Structure formats: C-alpha cells, structure tokens
Amino acid sequence: MDLQAVPETVFDRMVELRRAFHSHPELAFEEKDTAELIIRELDSLGVPYEYGGMGTGVVGELHAGDDRPTIALRADMDALPGAENTDLPFSSTIEGKMHACGHDAHMAMLLGAVRLLCESPPDINTRFVFQPAEEKGGGARTVIASGALDDVAAIFGGHVTNHYRVGEIMVADGVITAQSDRFLIQVRGKGGHGARPHEASDAVITTGLLITALQTLVSREVDPVNPTVVTIGRVDAGSAPNVIAETATLEGSIRTTLPEVRTHIHDGLRRMARGLEELHNVSLDVQINSGYPPVVNTRREAQLAYRAARQVVGEAGLMQLDHPSMGAEDFSYYLEQTPGCYVRFGARSENMKYLPLHSPSFDIEEGVLRVGAAFFDQVTREAANEYPETGK
C-alpha cells in the first residue's frame, strides 16, 4: 500500500480522532474516556473487543479463521502530567495533563489501520491492542497478564518522533531503546552548627562528591562505544543556611544497552557509596529499582517491517538507526514474550521546528497519521504471507 491508497475519508477521521484524544488527555491507568472513544470507533466498524474497565487495555480483533495465525498491532493510550503551551485549537482541556508524547497520534493511526483492514480483510487474524500506562506503570504487563498475546505469532508497534520528517520510517533489528533503571540513595551523617563543622559529618559534602563521582562510572569505566547515561534528577538536603545537614537524598536514573554494562554501573554505584562511607564517616543506603528492559527487535519481524515500510514510503523514506535511543519503552515487555518489531514514524514537516518528546510545546504534522495507518495495514498483509497456520 502506498500513501495515496489511504482514502481522504480515512485520513479525515484519523485527524478527528487524534484531536479528540489530544484535547482530553488521561494519565496512566486512568484512560476511561479514552478507552470509551476507542470502543465507540470499534463498534462503528463492527470489530469485537474485550475491555476490563479503567486501567486495562482495549483489545479488538479482526478474525480471519481459527486455522490462521494471529499478529498484534499496539498503540499506547496514556498522556503525561504537564501544562500544554502549544496554542492548538484542540489543546488539552484538562489542567495539568497533555499528550506530549504522541500517544494521541498512535491511537488514531491504529484506528485508521483498523478501518483499512476492515475494508479489505487480510488472511490473518489481527489483534488491535490499545494499551494503558506506557509512560508510568508498565501497562504492557497488564496486557500480557490478560492473555491477549498468548497465541500471537508477532507484535508490531511504533512511535512518532520529530527526529524524522513525515514520510520517513526508521526500521532496524536488535537493540532499539535502552534499559532504564532508577536509584535512590539516602545519606545519613551527623548534623551540627555551621560554625562548628568539626563536630558534624556533613551529608551535603558527601552528596556533592557522590554526584561528581558517579559521572566517572560512564566517562572512565565504560567503553565509549557503549551508550550509557547516569543522571541525578533530584537532590534534597538541608534545612537552614547555618545548619550542617544530617541527611540527604539523591534520586536518579541509569540507562544502558548491554547487560554487562548495566551490572558494572550498578556495582560501581554501590562501590562508590561504600568508599564515601569510610571517607566521610557517614552511612549510605542505596536502592536500585529495575525499570523497563531494552526494546530488542527480532530479525525476522524487522525484515518484515522493513518490507512493509518500503511499500509505504519507498527506499528514500527508510531511515537507518545509527545508535539505540537512550529512552525507554514498555513495548520491551512484549518482545520478551513474543517476536516483534518497533519502528519510528517521522512526524515533523519541512518547516516545523524540532521539538523533543515530552516538551510542553510538542506537536506533530498530522500527515504522519496517514503513514502510520498505511504501515500497520501493510505490515499485516506482509505477515499474512509470512507465518504458517500454526501461528508461529
């Protein structure tokens, strides 16, 4: 399918849906009205679905036959906390919430693909997964726990990005996004008067040294060819300018793409904490919590997605991945269970200023909806010829 094959009526409907989602954003596990709009659209198309209520996914299916394999197509539903400043006529009507990550577009393009597939059903069972809580809470695990992927041969998903222009699709196999972990470090010293530092153990001094030292885990202990990021995102210490702080708290994140590097960073963080305990006569409690695993596309499904993308945007529109994104994405949980491929859709026009995801000013060129719908339609038709009747 090429882009011209997406009827204007389908494109217009996707724009309407995207704007409706955008104006009424809902946060992770709160996507009640969002789910109801998706259900109304599926009902209008005669597509059966399952929905367990707020906090769960809406899972529809276009059934081709019990002897046919099944693939899944996924879109995420949740918005982000934050005040929108796009000045769009359909900007958020919910204070403190906005679709700053393009999930409104993801839902609209998948619903557009549903419409295309209903008009000309392929010879494969197609499951449409509208997932809650990608931004926070790992809603993919909710979908997996529901059994929605138990008999699925492969799953495909994608994300809009302003790194590429409309009409460009990035497809690659292997590692696409990083492992994301969070850490919390609590420093406990001995408080005292600012005039008598020799009577105290300063938690702030220890914290400052730790902030600097942790950066050397990346700059001096990891091979530079392996992307790695350690970020201190929050520091809390002290109560008054003339009081030596007894306690301090640091929170941050670790982004890695290789398991051995991840292990080294975790061990190094704890090693530095132990050293500072001895050096400054304080105690440090280190907690590291695992975040989303890396997204790792499987080769067969990446090749299938590549063929589909080439049909949609041509050779000139196919983008290469120079290095994995250091962002995280809970599509990774699906790929731990099922083969699949996660792509990126260019969403910036030639004249549009680049704006990163999660920016309060983030917006897209709506032509990307046509690209996404055409890709999901075509990848389904490619899959119909790829997978045997066993579904694997």
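Just so it is clear, none of the values below were taken in a lab; they were calculated from the coordinates. Being a predicted model, the structure only gives us computed values, none of them experimental. Neighbour counts are summed over all protein chains in view; Cβ atoms, including those assigned to glycine, are modelled from backbone coordinates with ideal geometry.
Looking at the square roots a ≥ b ≥ c of the eigenvalues of the Cα gyration tensor of the chain, which shape do they give, rounded for a/c under 1.5, prolate if a/b is larger than b/c, or oblate?
Prolate.
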What residue among 300, 182, 271 shows peak mean-square fluctuation when the chain is described by a Gaussian network model with Cα springs under 10 Å?
-> 271
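Report the charge-dipole magnitude of the chain in Debye, nearest 20, computed about the Cα centre from +1 at each Lys and Arg Cβ and -1 at each Asp and Glu Cβ. Intermediate values should be presented prior to the final figure.
Values: 34 positive and 56 negative charges, 205 e Å.
For this selection, approximately 980 debye.
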Starting at the first residue of segment 86-94, write each ³J(HN,Hα) from the Karplus equation 6.51 cos²θ - 1.76 cosθ + 1.60 with θ = phi - 60°, in whole Hz, x for Gly and Pro.
-> 7, 6, 5, x, 10, 5, 4, 9, 10
Given springs between every Cα pair under 10 Å in a Gaussian network model of the chain, which of 244, 71, 265 has the largest fluctuation?
-> 244
Where does helix 203-219 land angle-wise versus the long Cα axis of the chain, in degrees 0 to 90, nearest 10?
-> 50
Whose amide H sits under 5 Å from the amide H of residue 135, counting only residues 5 or more places off or on another chain, with H placed in the peptide plane?
-> 78
Relative contact order computed over segment 179-290 (Cα-Cα under 8 Å; 6+ residues apart), in percent = 43
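Kindly work out what percent of the DSSP beta bridges joining two residues of the chain are antiparallel, to the nearest 5. Walk me through the numbers on the way to the answer.
Details: 44 of 65 bridges.
Close to 70 percent.
Quick one: putting +1 on the C-beta of Lys and Arg, -1 on the C-beta of Asp and Glu, what dipole do you get for segment 32-155 around its Cα centre, in Debye to the nearest 20?
140
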Rounded tilt (10° steps) of 259-280 against the dominant C-alpha axis of the chain | 20
With +1 on each Lys and Arg Cβ and -1 on each Asp and Glu Cβ, how big is the dipole of segment 179-290 about its Cα centre, in debye rounded to the nearest 20?
-> 80
When Lys and Arg each count +1 and Asp and Glu each count -1, what net charge do the other residues less than 12 Å away from residue 319, Cβ to Cβ, add up to?
-> 0
Mean separation of Cα pairs under 8 Å and 6+ residues apart, divided by the residue count of the chain: what relative contact order is that in percent?
-> 26
Would you mind telling me which residue in 117, 184, 17 has the biggest mean-square fluctuation in a Gaussian network model of the chain, where springs connect alpha carbons within a distance under 10 angstrom?
-> 184
Mind pulling the angle between the C-alpha long axis of helix 8-23 and the longest principal axis of the chain? Nearest 10 degrees, somewhere in 0 to 90.
-> 30
